[in-house]
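*Asks:* Once you've had a glance at the structure underneath, I'll fire off some questions.
Any read-out appearing in this document is the output of simple, stated calculations on the displayed coordinates, not a laboratory observation. These numbers were taken from a predicted model, which means no experiment stands behind them. Glycine gets a Cβ as well: all are built from the backbone with ideal geometry, and neighbour counts include every protein chain shown.
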Amino acid sequence: MTLSRKPLLPESARYCVIAAPFGRLGILTELVEGSLMLSKIDYLPSEVALLAPQNALAKKVAKQCQAYFTDPHYVFDLPLKPLGTAHQQRVWQKIGQIASGKTQTYGELAKAIQSGPRAVGTACGANPFPLITPCHRVVSSQGIGGFMKENAPGLYRQIKIWLLQYEGAL
């Protein structure tokens, strides 16, 4: 999502913006086949205006994010909208198994799911649920690696460094 344009959202979708220690989190919830689900989390710069959660799930997401910012070992329990290709889902499932304070390289993860490191990196960049599916814990064999190469790679790299330091992995 670009910061300058509002996304076209279904009528049932609600977007809010909450404070995070590294800036802001954008939270998108929507009704999917009769169930309210988390559709996306965006990392946003601190200049983005706060927007209060408008439904019970958005409030629950905000509360769980704050719990994580109090305890880096907090385990999220949220209904996630099914998204992504079969390969992306395999990558995201494996990433979800990396414990707070630990990292795994793109190559190690690729070997574990019989894929390639670049394909794993691409799946990390497409992750709609950063923080919950902690792609920041996947690093390069020569450093921390890339991170969400969307609109502001510098911002995302700074967030990745903050998260890894906060979790004690750096």
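*Asks:* Go ahead and set up a Gaussian network model of the chain, Cα springs under 10 Å, then flag whichever of 143, 26, 125 fluctuates most.
*Replies:* Highest fluctuation among the options: 143.
*Asks:* In addition: Helix-derived [θ] at 222 nm for the chain: sum -39500 (n - 2.57) over DSSP H runs of at least 4, divide by residue count, nearest 500? Walk me through the intermediate numbers first.
*Replies:* On the way: 5 runs with 55 residues, N = 170.
Counting only the DSSP helices, I get -10000 deg cm²/dmol.
*Asks:* Still on this structure, I have one more. Taking the structure as given and computing mean projected area of the Cα convex hull in nm², which label from (1) 11.9; (2) 9.5; (3) 10.9 fits?
*Replies:* Only one option fits the structure, namely (2).
*Asks:* Using a 4.7 Å cut-off between beta carbons, which cysteines in the chain end up with no partner cysteine at all?
*Replies:* Within the chain, the cysteines lacking a partner Cβ under 4.7 Å are 16, 65.
*Asks:* Ranking 111, 81, 160 by Cβ neighbours within 10 Å, fewest first, what do you get? Write down the numbers at each step before the final one.
*Replies:* Values: 111 13, 81 19, 160 24.
Fewest-to-most ranking of 111, 81, 160: 111, 81, 160.
*Asks:* Using the Cβ atoms and a cut-off under 15 Å, what net charge is assigned to the surroundings of residue 98, where Lys and Arg are +1 and Asp and Glu are -1? Mind dumping the intermediate values first?
*Replies:* Working: positive: 90, 94, 102, 111, 137, 160; negative: 108, 167.
Overall, the nearby charge balance is +4.
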